[in-house]
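Report on one structure; see the data block that follows.
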Amino acid sequence: MLKNVTERKTGRGEAQRFVEKLISVRRVTKVVKGGKTLRFSALVVVGDGKGQVGYGTGKAREVPEAVHKAVERAKRSMIKVYLREGRTIHHDTSFAKGAGHVFIRSAVPGTGVIAGGPMRAVFEAIGIQDVVAKSVGSANNHNVVRATFKALESVASPRAVAARLGRSVSDIIARRDAIVGKKRKAAKHEVEGSDDDAVESIETEEAEKFLQLDAEMSSDS
C-alpha cells in the first residue's frame, strides 16, 4: 500500500532541477548479537520532468538520512524515456516483475494521468501528462516501481525504429497511427454493442508495440 507521497523540487542553479517523490518509508528491524537495531528504509523516485527519471532506496537510522541516500542513488541511476509530443509515451507497453504486472498505454491530449500509487509518482516525475496505466497482481511498491521502469525502458521512439529498420520516420509514424486507429475503432464498436463480425481482428499486446514492427516491415520488404 502507498504510505505517503510527497513532492519536493531542488536544484543546483537553473541547469539541474529535479522532482523528488517519496513512495514509501518502512521501519526495518535487524536482529544482531546483543539485541535489535532499528532502521528506516525509503523508496524514492527522482525525475527532471522532461523524460529523465530514476529510483533508489536508502536505509538509515533516521528518516531524513534514508531519504537522502535514496535520492542520491536515484540520481545516479536515471534513464531516458522517449516521450511523444512531450506529454505521453509513443506506444503501449507492459512488463511483469515477480507477482506484479503493469500495463501502460499512450493517451490522447486531455486524458491526464490515470494511474495510482507508485506508478503515478513515476509518471509525474518523468513529466508525462497523458497516460493510462494499471497494475495487476502484487501491490508491492518495489516490484511495481521496477516493473514500471522496465516497461518504460522498452519504449522506442519512431526515430530509433526508423534507424534500425532503414525506413523513414514518416513510415513508422503512419504504421503506428494505423495500429492505434484500428484498436480504438474496435474498442468503440465493442462499447456500442456491435456484432463481432464488424470488428476487425487486431493483434494484441506485443503486436501493438513498435518493437514488433521489425518483423512486420521485414516481411514487406
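Cβ-Cβ under 8 Å, sequence separation 6+ or interchain: first residue in the range 90-104 and farther than 18 Å from residue 161 by Cβ, partner modelled with pLDDT of 90 or more and among the charged types (D, E, K, R). Which pairs?
Matching pairs, first to second residue: 95/150; 97/146; 97/150; 102/134; 103/134.
Pull out all pairs, ordered by first then second residue, where Cβ-Cβ is under 6 Å, the residues are six or more apart or on different chains, the first lies in the range 51-73 and is free of Cβ contacts under 8 Å to residues at least 60 places away in the same chain, and the second is crowded, with 21+ Cβ neighbours inside 10 Å and part of a helix (DSSP H, G or I).
54/74; 56/70; 56/74; 58/66; 58/70; 59/66; 60/66
Check residue 132 against each of (1) touching a Lys or Arg at 6+ places or on another chain (Cβ under 8 Å); (2) within 27 Å of residue 28 (Cβ to Cβ) and name the one condition it does not meet.
(2)
Out of the residues in the range 73-111 that are of a type in the set (Gly, Ala, Ser) and open to solvent by 20 Å² or more (accessible area, probe 1.4 Å), which is farthest from residue 18 (Cα to Cα)?
Taking the range 73-111 and keeping what is of a type in the set (Gly, Ala, Ser), we get 74, 77, 86, 94, 96, 98-100, 106-107, 110.
Then drop every residue that is not open to solvent by 20 Å² or more (accessible area, probe 1.4 Å), which leaves 77, 86, 94, 96, 98-99, 106, 110.
Details: 77: 14, 86: 17, 94: 26, 96: 28, 98: 29, 99: 31, 106: 24, 110: 24 Å.
For the range 73-111, the residue satisfying everything is 99.
Could you list all residues from the range 118-130 that are open to solvent by 30 Å² or more (accessible area, probe 1.4 Å) and either among the β-branched types (Val, Ile, Thr) or farther than 11 Å from residue 88 by Cβ (or both)? So that I can check it myself, show each step before the final result.
Residues of the range 118-130 that are open to solvent by 30 Å² or more (accessible area, probe 1.4 Å), as a first pass: 120, 124, 129.
Once the filter is applied, which keeps residues that are open to solvent by 30 Å² or more (accessible area, probe 1.4 Å) and either among the β-branched types (Val, Ile, Thr) or farther than 11 Å from residue 88 by Cβ (or both), the range 118-130 yields 120, 124.
Does the range 139-148 hold any residues that are open to solvent by 10 Å² or more (accessible area, probe 1.4 Å) and out of contact with any Gly (no Cβ under 7 Å at 6 or more places or on another chain), and which are they?
The answer is 139, 141, 142, 146.
Could you tell me whether the range 189-201 includes any residue that is modelled with pLDDT under 60, surrounded by 14 or more Cβ atoms within 10 Å (Cβ to Cβ) and more than 21 Å from residue 113 (Cα to Cα)?
yes
The values are calculated or read from the model by the stated rules, or taken from the named source; none is laboratory data. Because the structure is a prediction, the values reported are computed rather than measured. Here Cβ is always computed from backbone atoms with ideal geometry, including for glycine, and neighbour counts include all displayed protein chains. Keep in mind that these areas ignore ligands, DNA and RNA; they rest on the heavy atoms of the full protein, side chains included. Shrake-Rupley method; radii C 1.70, N 1.55, O 1.52, S 1.80 Å.
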